[in-house]
Amino acid sequence: MKQAEQLALPLAPPLDLSELFRRVFFRLRIKSPIISIDARFHPFAGLRSTVSVRNGALRARVSDLLEEASPIVLEALAEILLARIFRRRPSREARECYLAYTFRPAIRSRIDESRRERGTKRLLPPHGRHHDLEEIFNDLNHRFFHDEIPPSRLGWSHQYASRILGHYDSGHATIMISRKLDSASVPRYLVEYVVYHEMLHIRIPVERRGQRRVVHSREFREAEKKFPQYELACRKLKHLCA
């Protein structure tokens, strides 16, 4: 008895990202004169996508981490990008569809891995001229987190940033503090508060609420207020940033 031959299923044609953007462009009924649309995947260090228009040519670059996403997800992203540049409001369905996809644990893991492999994080050593970030981190970890926050890479920024005084990068497991705080005029509790804030980002992850990403949730805000000099630190930082 002859073995039944297995029929090969036809492969789906490769996705034409430019055609997908063109389809969404006309669906949104955008009246701006566009001569050409060039949309491609690009190896960004993370889930970044860009769009620009110049001389009637629309150019979009979508993170290659989305190459395996379904056309529905990519159309949702196209709508978000096109709405952004043409000053429209993307539909709630598009925002929820894209956010639901990017919040999948497997996608978040790939994003962090991509940022580690492709991105770089330039920091100055944690031992500053006036404040030691490593010593502050360990002290806060013991006092407020029962030593449960995993060790992170700590360092001062290369620039004297005034607007962003602290930042936690989950992809690189890095806490960066602005050099503006490494000053004799800045009290220790102020640096402690900024480091404490960034440590809370490790303990309390970003939440999804409908079509929005909530970075500072109610749980986060309540935990933040447990810092002993919370109100004083907020007033001082507001004055410092001004």
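The values are calculated or read from the model by the stated rules, or taken from the named source; none is laboratory data. The model shown is predicted, which means the values in this text are computed figures rather than measured ones. Backbone-built Cβ (ideal geometry, glycine too); neighbour counts: all protein chains shown.
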Original post:
Taking region 89-119 on its own, how many of its residues are basic (Lys, Arg) and surrounded by 13 or more Cβ atoms within 10 Å (Cβ to Cβ)?
Top reply: 5
**OP:** Please tell me if Tyr168 is of a type in the set (Phe, Trp, Tyr), at pLDDT below 95 and out of contact with any His (no Cβ under 7 Å at 6 or more places or on another chain).
**Re:** no
Original post:
Applying the selection to region 94-151, what residues are under 17 Å from Val206 (Cβ atoms) and touching a His at 6+ places or on another chain (Cβ under 8 Å)?
Top reply: Arg115
Original post:
Among Tyr196, Tyr160, which is out of contact with any His (no Cβ under 7 Å at 6 or more places or on another chain), modelled with pLDDT of 90 or more and either under 26 Å from Gly46 (Cα atoms) or surrounded by 16 or more Cβ atoms within 10 Å (Cβ to Cβ) (or both)?
Top reply: Tyr196
**OP:** Mind listing whichever residues of region 191-219 are of a type in the set (A, V, I, L, M, F, W, C), over 14 Å from Asp139 (Cα atoms) and out of contact with any Asp or Glu (no Cβ under 9 Å at 6 or more places or on another chain)?
**Re:** Ile202, Val206
Subject >> Count of region 136-194 residues which are among the acidic types (Asp, Glu) and within 29 Å of Ser109 (Cβ to Cβ) >> reply: 3
**OP:** Determine, yes or no, whether Ser152 is farther than 25 Å from Asp112 by Cα and polar (S, T, N, Q).
**Re:** no
